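Participant: First the structure, then my questions, so here it is.
The values are calculated or read from the model by the stated rules, or taken from the named source; none is laboratory data. Keep in mind the model is a prediction, meaning the values are calculated, not measured. Here the Cβ positions follow ideal geometry from the backbone for every residue, glycine too, while neighbour counts run over all protein chains shown. The area values use the complete protein model at the heavy-atom level, side chains included, leaving out ligands, DNA and RNA. Shrake-Rupley method; radii C 1.70, N 1.55, O 1.52, S 1.80 Å.
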Amino acid sequence: MQITRTELYERICGSPLSRVAPELGLSGTALAAICKKYDIPYPGSGYWTRKSLALPVELPPLPVGDNQSITITPARPRTRTAKPGRQSVRRGAKSGVISPLTEHHPILLGVEAHFRRTRDINEGEFLKPYKRLLPDIILSKTALPRALAIANELYVALDTQGYRVLIAPIHEKMRRIEIIEQEVPQKDRRYGRYHSGSIWAPDRPTITYIESVPIGLALTEMTERVTMRYFNGTYHREDSKIIRLAKPWQLVNSWTIEHDQPCGRFRLVAYSPKPDVNWSVSWQETGHQTISTMISQIVNKLETSKNELQTLTTVAEEAAVRRQREWDEMWERHRHQEDERRVAQALSESRQQLAQVIEKWGQAITVERFFAESEARLKNVTNDRQEHLKERLALARSLMGTLDPLDFLGEWLAPCERYKSQYE
């Protein structure tokens, strides 16, 4: 199929990517990749919601470039053939049942190595990878393979239904909510050495789009409160082998504390990454049920929550527009008040300066009369004394400086010269 760059831009500006992509026989992710390759912008996730509410929206302009023809080849499902004498399998978390390994979701390719490249951690703590742009998965070292398998199963299930999963684009400004890692909520939090450890989190949330509605996805290994014993310079679980095998005399100078440690069970949290939209739902594993058995239930819940989320997002955006309008009005009132204050100040300072000019004028006239009277009397003084007094009079005039009242008036500033109102 051939389509020009301008025609493709017009189509994606007329409908969401999730609608245009099936018409072209592509997935939303593939169409987004084509747009990126040919420098074709498309509206963000909130554009269509705002447009449906008749709120102000702005289309991203098409950058200047050649109106080249783009070849679009509809995607075809590929069949996998197992190699002879070899079968890809994975083992279930608890049951030990062997099941075929599903295909890897693109967002998870190569992430295991990044998770293993971690900062120094103590035994029983969550990984702290150096890389911050990773899928939103919080886990310990021992739970890494199973956590990636759960995330892969969920992401592939969503992708199969046409809901792309990706790390939130930076320009979308989506937020990640605080994730509670405790399996049983406690009033206090005792994770990390000396109860002050911090849990690693990615820089940006992992999201899926249900049509045009973004939903954040966070998978975290839960923690349980256990008793830890200080022994041989470090803390160990009270039920660990090293403590159970220790002699009573070796434990004389040891003590115990309560500590939150990863338990190997997971919680999935789905939430709205939109600011001011308070919506979240979670699923957590128990001794009889795993996240893998809840995948279809999770996908159905996300699908049925689309309308609710859209409504909440609309309400939040309207509230944000209202707050912005109120802020603009308040700022405009402040500017008016500041303008009035500066106008009044300019008037007051101008009057004060004019009064000083008039006062100087009066003093200058008095001084000028003094000099004029002095010069008139010099004519009646003898020659010897007259020369001396003329020198003294010239010295006095130079000391007083200018005595022209018009010079004082020229230095005066009118109110409009001090400050000009912005609202006249």
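So that you can scan it fast, the table gives a plain yes or no per residue for (1) out of contact with any Pro (no Cβ under 6 Å at 6 or more places or on another chain); (2) within 23 Å of residue 310 (Cα to Cα); (3) open to solvent by 20 Å² or more (accessible area, probe 1.4 Å):
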position	(1), (2), (3)
137	yes, no, no
145	yes, no, yes
152	yes, no, no
161	yes, yes, yes
166	yes, yes, yes
170	yes, yes, yes
173	yes, yes, yes
182	yes, no, no
207	no, yes, no
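Participant: Against the conditions (1) open to solvent by 70 Å² or more (accessible area, probe 1.4 Å); (2) closer than 30 Å to residue 314 by Cα, where does residue 247 fall short? Just the number, please.
Facilitator: (2)
Participant: Another one. Six or more apart or on different chains, Cβ atoms under 6 Å: show the pairs whose first residue is in segment 359-388 and of a type in the set (Ser, Thr, Tyr) and whose second is assigned to a helix (DSSP H, G or I).
Facilitator: 374/393
Participant: Oh, and also: In the list 158, 133, 166, which residue meets the criterion of being farther than 16 Å from residue 220 by Cβ and in a strand (DSSP E or B)?
Facilitator: So the residue among 158, 133, 166 that is farther than 16 Å from residue 220 by Cβ and in a strand (DSSP E or B) is 166.
Participant: Failed condition for residue 295, given (1) hydrophobic (A, V, I, L, M, F, W, C); (2) open to solvent by less than 30 Å² (accessible area, probe 1.4 Å); (3) part of a strand (DSSP E or B); (4) at pLDDT 90 or above, with all others met?
Facilitator: In the conditions (1) hydrophobic (A, V, I, L, M, F, W, C); (2) open to solvent by less than 30 Å² (accessible area, probe 1.4 Å); (3) part of a strand (DSSP E or B); (4) at pLDDT 90 or above, residue 295 misses (3) alone.
Participant: Before we move on, is residue 62 open to solvent by less than 60 Å² (accessible area, probe 1.4 Å), touching a residue at least 12 places away in the same chain (Cβ under 8 Å) and assigned to a loop (DSSP other than H, G, I, E, B)? Write out each step before concluding.
Facilitator: On the way: open to solvent by less than 60 Å² (accessible area, probe 1.4 Å): yes; touching a residue at least 12 places away in the same chain (Cβ under 8 Å): yes; assigned to a loop (DSSP other than H, G, I, E, B): yes.
Yes, satisfied.
Participant: When you scan segment 114-145, how many residues do you find that are closer than 26 Å to residue 303 by Cβ and basic (Lys, Arg)?
Facilitator: Here is the first cut: in segment 114-145, the residues closer than 26 Å to residue 303 by Cβ are 135-138.
Of the ones still in play, those that are also basic (Lys, Arg) are none.
Within segment 114-145, residues that are closer than 26 Å to residue 303 by Cβ and basic (Lys, Arg) number 0.
Participant: If the requirement is being in contact with a strand residue (DSSP E or B) (Cβ under 8 Å, 6 or more places away or on another chain), among the small types (Gly, Ala, Ser) and buried (at least 18 other Cβ atoms within 10 Å of the Cβ), which of these qualifies: 272, 254, 280?
Facilitator: After ruling out the rest, the residue left standing is 272.
Participant: In this structure, does residue 379 turn out to be under 30 Å from residue 338 (Cα atoms) and exposed (fewer than 13 other Cβ atoms within 10 Å of the Cβ)?
Facilitator: Working: under 30 Å from residue 338 (Cα atoms): no; exposed (fewer than 13 other Cβ atoms within 10 Å of the Cβ): yes.
So residue 379 fails the test.
Participant: Checking residue 328 against (1) touching a helix residue (DSSP H, G or I) at 6+ places or on another chain (Cβ under 7 Å); (2) among the acidic types (Asp, Glu); (3) closer than 29 Å to residue 213 by Cβ: exactly one of these is not met. Which one?
Facilitator: Unmet for residue 328, out of (1) touching a helix residue (DSSP H, G or I) at 6+ places or on another chain (Cβ under 7 Å); (2) among the acidic types (Asp, Glu); (3) closer than 29 Å to residue 213 by Cβ: (1).
Participant: State the number of residues belonging to segment 23-55 that are surrounded by 14 or more Cβ atoms within 10 Å (Cβ to Cβ) and not in a loop (DSSP other than H, G, I, E, B).
Facilitator: Residues in segment 23-55 being surrounded by 14 or more Cβ atoms within 10 Å (Cβ to Cβ) and not in a loop (DSSP other than H, G, I, E, B): 13 in total.
Participant: Here's a follow-up. Of all residues in segment 246-292, how many are in a helix (DSSP H, G or I) and at pLDDT below 90? Write out each step before concluding.
Facilitator: Just the residues of segment 246-292 that are in a helix (DSSP H, G or I), to begin with: 248-251, 291-292.
Imposing the further condition that a residue be at pLDDT below 90 reduces the set to 248-251.
Counting residues in segment 246-292 that are in a helix (DSSP H, G or I) and at pLDDT below 90 gives 4.
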